[in-house]
1. Could you check segment 467-516 and list, in sequence order, the residues that are of a type outside the set (A, V, I, L, M, F, W, C), modelled with pLDDT under 75 and touching a Gly at 6+ places or on another chain (Cβ under 7 Å)?
2. Within segment 341-366, how many residues are open to solvent by less than 60 Å² (accessible area, probe 1.4 Å) and at pLDDT 85 or above?
3. Does MET34 satisfy the condition of being at pLDDT below 85, surrounded by 17 or more Cβ atoms within 10 Å (Cβ to Cβ) and outside any helix (DSSP H, G or I)?
4. If I filter segment 73-105 down to residues being within 16 Å of ASN56 (Cα to Cα) and of a type in the set (Lys, Arg), which single residue comes out as modelled with the lowest pLDDT?
5. Return the residue satisfying two criteria in turn: it lies in segment 41-79 and is exposed (fewer than 15 other Cβ atoms within 10 Å of the Cβ), charged (D, E, K, R) and part of a helix (DSSP H, G or I), and of such residues it is farthest from the chain's Cα centre (by Cα).
6. Please go through segment 248-260 and pick out each residue that is farther than 15 Å from ILE235 by Cα and part of a helix (DSSP H, G or I).
7. Please verify whether PHE464 is modelled with pLDDT under 90 and of a type in the set (Phe, Trp, Tyr), treating the condition exactly as stated.
8. Being of a type in the set (S, T, N, Q), without any contact (Cβ under 8 Å) to a residue 60 or more places away in the chain and either touching a helix residue (DSSP H, G or I) at 6+ places or on another chain (Cβ under 8 Å) or open to solvent by less than 30 Å² (accessible area, probe 1.4 Å) (or both): is that true of GLN335 here?
Amino acid sequence: MDEDIAMDSKASQRQSRYTPYGNRRQKRSGDMRMAVVAENRVDVLVQGFDPSKLSNLIPYLKKKSKKLWEPLDYKVQDSEMLLTVHDMSIASSLVRLNGYLFGKTQLAIRVFSDNAPTPPPVMLDTTKLTTMDTLRLFLQSRWNGEASFLNLDDMASDPILKKAGIRPPGMRGSNAVVGPAMMKLAGEMFEGITTLSLANNKLSNVSQISTMTQYMPTLQNLSLQGNLFENYEAIAPLSGTGKLKCLKELLLLKTPLHEGELRQRGNLNHYMRKLVKYFPTLQMLDGESILLTQEEAASILQKADVLPMSTQPSFFDHPNTQEAVQVFLNTYYSQFDARDPVLGAWYHASATFSLCAQLKIRKEAKIKRKEKNRRMDDDKAAVSWSSLNRNLSKLNKNSNRGKNLFCGPEQIGEVLGRLPKMAHTLNTTDFVADAFQTPAGLSLALHGEFKDEATHAFSFDRHFLLQPAMRGSAAMAAGLPFVIVSDMLSIRDYAGIQGFQDQNQRYTSVFAHYASLPQPPLGA
């Protein structure tokens, strides 16, 4: 790369900048202080991006290219950008991103020449490509953006891999790094992969492709049929806490595991129970809906792999209750997230508020006791979750049970205004609400998620007891329809929203339409 960049004669005579590492600083071929000869500059044409996301395009290219560079110039017209970079080395790293997804659109990137404004597609000659370049080209040929489907069937017969001499996972003599590299590249190139097929690859286990759990977090449909799995341990690396949390459909047909279970037991009940334990979110297995009897559900429940009952949607005892709750949530949370000074007016004169923080994964930075007391004494200083925590299970002395129980609209309004900033998105898929009328008022239990100022996600549970605002009250004067009598907020480490989904909904197999999906090229 160094031969593509010429040093400015004056810059080369300039005194070296002091560094605490003495003279051991290494030269970097992409150092931004080097002067670039005009003949070395290269124009790169980027097409296919959403013009509304233009401001994010260059940062995206810089990140994905994994090189240190700055654009010398760029011109934009509609969904095309002519980008000028320092040299061919940087241009090549950008061209390798050809076919990558940017948002929901696929980028087309090539070196631009005035003499040949529409050259043939770049990088089709696999004899001149690195292994990573070949894998990018191979993955691009197997991707269906409309279906978010990556078809990696029978990779050993693929002409692109065969021509480059690359042996994919499952093939005898395959390099152990090819599979992980392929999964990582796929995750970088195609954000939001929902369907993946690895059928007919002669895989005896999933060790070489298990990193899909890290790089394809949105995967919902997975086909492993036609492989050589003989036992459950062969697929065990795909299961576990935090892995394939969105998986709904799995295919293991035409594997020794599937056929052996059927031959040995005469049915697939044990097979289904075992795979549900591995993948609790499964709704369809081998093209059939998963239907468990009471005995089967109880058997799985003994190991706490599934809930004792199916998850139901939000509950309201009357349409009027649902309407009242929607009005309350829309009004209250818009003011709560904005720290509106009117928050205190929502609370009854004898209202109470308490908070319980159960955070283990994302713990807050420890604050010295003096600093914590100073913040509590300062009416305007922000407070942490832990400083307001009222977890009664950890309080041994009865004298402390009144600590962090806030009473009355003035005290509650002050505390709410000092909480860490939160942003709630109360879409119907992001939370569940249960509400019903009681003699004491409207009981509302809310379960959902929010993000803090640093966009970290948390889960929360919150219970309100609501009453109609009385004439002459502060709430009525502020135009609020309700008052809050009791407010209990519990904050937890993020647990996702899969538990809020209605498990009674029927799932339609994606692979039932497998033949209509684009098929990979046949081997030459």
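1. Taking segment 467-516 as the starting set, the residues that turn out to be of a type outside the set (A, V, I, L, M, F, W, C) are 467-468, 471-473, 479, 481, 486-487, 490, 492-494, 496, 498-499, 501-509, 513-514, 516.
If we keep only those that are modelled with pLDDT under 75 as well, we get 494, 496, 498-499, 501-509, 513-514, 516.
Correct list: SER509 only.
2. Initially, segment 341-366 is screened for residues open to solvent by less than 60 Å² (accessible area, probe 1.4 Å), giving 342-347, 351-357, 359.
Subsequent filtering for residues that are at pLDDT 85 or above retains 342-347, 351-357.
Qualifying residue count for the region: 13.
3. Numbers: at pLDDT below 85: yes; surrounded by 17 or more Cβ atoms within 10 Å (Cβ to Cβ): yes; outside any helix (DSSP H, G or I): yes.
For MET34, the condition - at pLDDT below 85, surrounded by 17 or more Cβ atoms within 10 Å (Cβ to Cβ) and outside any helix (DSSP H, G or I) - is met.
4. So the residue we want is LYS104.
5. LYS53
6. GLU259, GLY260
7. Values: modelled with pLDDT under 90: no; of a type in the set (Phe, Trp, Tyr): yes.
The answer is no for PHE464.
8. On the way: of a type in the set (S, T, N, Q): yes; without any contact (Cβ under 8 Å) to a residue 60 or more places away in the chain: yes; either touching a helix residue (DSSP H, G or I) at 6+ places or on another chain (Cβ under 8 Å) or open to solvent by less than 30 Å² (accessible area, probe 1.4 Å) (or both): yes.
Answer is yes for this residue.
The values are calculated or read from the model by the stated rules, or taken from the named source; none is laboratory data. Worth saying up front: this structure is predicted, and the values here are computed from it rather than measured. Here Cβ is always computed from backbone atoms with ideal geometry, including for glycine, and neighbour counts include all displayed protein chains. Side chains are part of the model used for accessible areas, which takes the heavy atoms of the whole protein and leaves out ligands, DNA and RNA. Shrake-Rupley method; radii C 1.70, N 1.55, O 1.52, S 1.80 Å.
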